[in-house]
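Here is the structure we will look at.
The values are calculated or read from the model by the stated rules, or taken from the named source; none is laboratory data. Worth saying up front: this structure is predicted, and the values here are computed from it rather than measured. When the accessible area is computed, the model is the full protein with side chains, heavy atoms only, and any ligands, DNA or RNA have been set aside. Shrake-Rupley method; radii C 1.70, N 1.55, O 1.52, S 1.80 Å.
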Amino acid sequence: MSKLLKVNDLSVSFDTYGSEVKAVRGVSFELDEKETLAIVGESGSGKSVTSQAIMQLIPMPPGKFAGGSIMFEGEDLTQKSETQMQGIRGKDISMIFQDPMTSLNPTMTVGKQIAEGLVKHQNMSKNEAHKRGVELLKLVGIPNPEARINQYPHQYSGGMRQRAMIAIALACNPKVLIADEPTTALDVTIQAQILDLMRALQEKTGTAIILITHDLGVVANAAHRVAVMYGGKIVETGTVDEIFYKPKHPYTWGLLGSMPKLDSGAEELQAIPGSPPDLADPPKGCPFVTRCPYAMKVCENHMPDYTELSDTQKTACWLLDERAPKVEPPESAVVGGAKVHE
Ligand code: SF4
């Protein structure tokens, strides 16, 4: 598999009154064709800013690229003009947003919104685009697509609107699909259907997917690899199995501990105490230092390097230094009752 997208040491900041908010601080990851990478983390961890940076949807100013590159098929997207990005967005890289009601245009029929991209990027006639729109609505499971294509978003249910968003995003067979919390606003049954649909479409079209979410349940169902973000940095990355069964970062332990488990019998979910760092004045060392129960003196002033635990897993934590005390993950971070941490 070739690397389709390579984000290298990306930093994105926002100039606000009197300070610079460093929302993304030196983030690197790669995406292969036909792969789903989940980026997980709390609100404010930098995951959505990272995805918006790839699409160049960050208003500049106040936003700015503070360093790094986003290589897509060998070209740096941070160097593209708005006109060049208009030729890429929707055609090569598409995005599904969290809330379809605010992302769909309420004054246009769903059919017209699907057709827009097809006419612009694929040079289709209006008739051809309409026919393709019906096919796409059928593909994403909208009943009676011939009639539904002429309806407005408010005439769709929440689940159908999200499906319509997916149809619009997939219209031009993008190479990369960025799904930002695509199922957050939906109930669990529809959520499962949407995730199944994205997986089936990926198999059919080969699209690579970046899935932005705070929900590890969604990750387990939909992703191949995971990048855990905290305080504008990726603190741990690995395959789904590595992150769920051999996590090494205390923040990943906290995320796993806050997941509901059917077999635990615990009545209350474990929250991670404290709040995320102020990215206008981020900690000098590890971003998790103020909330980490294992924090040491070194964590305050020095950001740990990544320790490579396998070809696919790497973790930035001082606990992996040979001089650090040996710490076992808490019981709450053990998934499926299996103690498989090495
Ligand atoms: Fe905790 Fe230190 Fe590891 Fe950060 S580097 S997660 S503060 S032990």
Could you name the aspartates and glutamates in cross-link range of K284, using Cα to Cα under 19 Å and dropping any fewer than eight places away on the same chain?
D9, E20, E236, E300, D305, D321
Arrange the residues Y156, Y306 by how much accessible surface each exposes, largest first, with a 1.4 angstrom probe.
Y306, Y156
Hey, how much of the P(r) for the chain falls beyond 26 Å, as a percent of Cα pairs?
51 percent
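Quickly estimate the mean residue ellipticity at 222 nm for the chain, helices only: each DSSP H run with n ≥ 4 gives -39500 (n - 2.57), and the total goes over all residues, rounded to 500.
Taking each H run of at least 4 residues, the total per residue is -9000 deg cm²/dmol.
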Relative contact order (%) - the chain, alpha-carbon pairs under 8 angstrom, separation at least six:
19 percent
Ranked by GNM mean-square fluctuation in the chain (Cα springs under 10 Å), the top entry among P153, P250, P273 is P273
In degrees rounded to 10, the 0-90 angle between helix 158-170 Cα long axis and the longest Cα principal axis of the chain is 80 degrees
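Expressed as a rounded percentage, what relative contact order does the stretch 157-237 have, with Cα pairs under 8 Å and six or more residues apart? All intermediate terms of the calculation are to be shown ahead of the outcome.
Numbers: 63 pairs, mean separation 22.0, N = 81.
The value is 27 percent.
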Max mean-square fluctuation residue, GNM over the chain, Cα-Cα springs under 10 Å, options A66, A115, A167:
A66
For the chain, the longest principal axis of the Cα atoms and the Cα long axis of helix 126-139 enclose an angle in degrees, to the nearest 10, of 50 degrees
Using 0.36 nm per residue of separation minus the Cα-Cα distance, give me the extension gain between N8 and Q122 in nm, one decimal.
38.0 nm
On C-alpha positions alone, give me the angle between the axis of helix 110-121 and the longest principal axis of the chain, in degrees, nearest 10.
90 degrees
When the gyration tensor of the stretch 265-325 is built from Cα positions, what are the square roots of 5 times its three eigenvalues, in whole Å, from largest to smallest?
22, 19, 12
